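See below for the structure under consideration.
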Amino acid sequence: MAFKRITAPSIKELFLSQMEGMILSGELKPGDRLPTERELADTMGISKTIVHEGIRELARIGFLDVVSRKGVYVADYTSTGNLDTLLAIVRNQGGVLDTKMLISLLDTRVYLECPALRALCRQQNPEHIRRLEALQEEVKKAISLEAATFAAALFAYRKAVVSLSGNCVSPFIMNAFFTPSVSAWTDYCEYIGRRQTYEVLARTTEYIRNGDAEGAVRLFTGCIEKYKGYLTALRE
């Protein structure tokens with residue numbers, strides 16, 4: 001068995017982490033002009049090459065705007081950002097989303113999973129149903145296990161709903177948010193209860209088996225709205 005050498009973060013990674021943190025905390029605001037690359041390198045005690053590469057990476061992610069012959073500015077990442085920007089925000093929050101971001105993630109799940117549920121109900125593919133039944137059984141087995149294990153089993157079932165529907169992009173989006181999703185599922189199960197959460201999955205499988213798309217969607221969106229209401233009440 002070969003074990004890989006453990007290494008510390010590179011200087012570039014540390015530079016990116018500090019810059020992302022300053023932008024996300026509001027210490028650097030949209031429209032702020034950064035010092036020159038040389039000034040940043042001298043101030044931070046790193047090479048100009050690291051600063052140059054880091055700025056290009058931050059621009060690619062959507063945090064910075066490099067304007068030719070004018071300088072580098074902090075971008076409004078809410079409008080210029082992409083999936084990498086969102087992942088950077090999640091990483092900066094330690095993989096745990098704040099309430100506003102979590103509610104937005106729940107809304108995104110509705111956009112991803114409702115069409116998937118309709119597609120599965122329309123297809124009524126026996127192989128797909130057997131796969132969901134197997135994953136449902138894994139959730140049942142995990143009811144008495146630690147919270148993270150149960151949440152991961154739930155995530156696997158919900159991801160299968162999306163991937164089995166035939167959409168080849170949605171599973172990647174779900175995978176990108178595995179860590180915060182498991183954290184959210186853990187919190188959800190504490191609120192709803194593990195047994196009831198499992199029963200929702202069992203009913204979902206039954207709806208798909210019977211081709212009842214509206215029933216499956218109504219059940220799913222009802223759970224999402226109930227959890228969003230709980231999160232909103234906590235924030236208030």
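Here Asn92 clears all of (1) out of contact with any strand residue (DSSP E or B) (no Cβ under 7 Å at 6 or more places or on another chain); (2) at pLDDT 80 or above except the condition numbered (2).
Can you confirm whether Glu206 is of a type in the set (Asp, Glu) and at pLDDT below 95? Answer is no for this residue.
Of all the residues in the range 75-88, those that are surrounded by 18 or more Cβ atoms within 10 Å (Cβ to Cβ) and either modelled with pLDDT of 80 or more or assigned to a loop (DSSP other than H, G, I, E, B) (or both) number 4.
Taking the conditions exactly as written (polar (S, T, N, Q), touching a residue at least 24 places away in the same chain (Cβ under 8 Å) and either open to solvent by less than 20 Å² (accessible area, probe 1.4 Å) or closer than 25 Å to Lys226 by Cβ (or both)), does Ser181 satisfy them or not? Against the criterion (polar (S, T, N, Q), touching a residue at least 24 places away in the same chain (Cβ under 8 Å) and either open to solvent by less than 20 Å² (accessible area, probe 1.4 Å) or closer than 25 Å to Lys226 by Cβ (or both)), Ser181 qualifies. Residues that are touching a residue at least 40 places away in the same chain (Cβ under 8 Å) and open to solvent by less than 50 Å² (accessible area, probe 1.4 Å) were ranked within the range 187-206; the one that is farthest from Leu234 (Cα to Cα) is Thr205. Exactly one residue out of Thr149, Thr179 is in contact with a Gly (Cβ under 6 Å, 6 or more places away or on another chain) and farther than 19 Å from Cys223 by Cβ, and it is Thr179.
Between a residue in the range 55-71 that is on the phi > 0 side of the Ramachandran plot and open to solvent by less than 80 Å² (accessible area, probe 1.4 Å) and any residue that is modelled with pLDDT under 90 and not in a strand (DSSP E or B), which pairs come within a Cβ distance under 6 Å, given they are 6 or more apart or on different chains? These pairs meet every condition: Gly62/Tyr77; Gly62/Thr80; Gly62/Gly81; Gly62/Asn82; Gly62/Thr85.
Reported count of residues in the range 157-184, each being of a type outside the set (A, V, I, L, M) and within 12 Å of the chain's Cα centre (by Cα), is 10.
Remark: pairs (first residue in the range 1-22, modelled with pLDDT of 90 or more; second residue part of a loop (DSSP other than H, G, I, E, B); Cβ separation under 6 Å; 6+ apart in sequence or on different chains) = Met22/Leu28. Counting the residues of the range 25-54 that are under 30 Å from Ser104 (Cα atoms) and crowded, with 17+ Cβ neighbours inside 10 Å gives 2.
Conditions tested, residue by residue: (1) of a type in the set (A, V, I, L, M); (2) within 24 Å of Glu138 (Cβ to Cβ).
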residue	(1), (2)
Tyr198	no, yes
Arg203	no, yes
Ile208	yes, yes
Glu225	no, no
Ala233	yes, no
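Among the residues of the range 209-229, the ones that are in a helix (DSSP H, G or I), of a type outside the set (S, T, N, Q) and open to solvent by less than 60 Å² (accessible area, probe 1.4 Å) come to 12 in all.
The values are calculated or read from the model by the stated rules, or taken from the named source; none is laboratory data. Treat the numbers as computed from the prediction; the structure is a model and nothing was measured. All Cβ positions, even for glycine, are placed from backbone atoms using ideal geometry, and neighbour counts span all protein chains on display. Note: accessible area is taken over every heavy atom of the protein model, side chains too, but ligands, DNA and RNA are not part of it. Shrake-Rupley method; radii C 1.70, N 1.55, O 1.52, S 1.80 Å.
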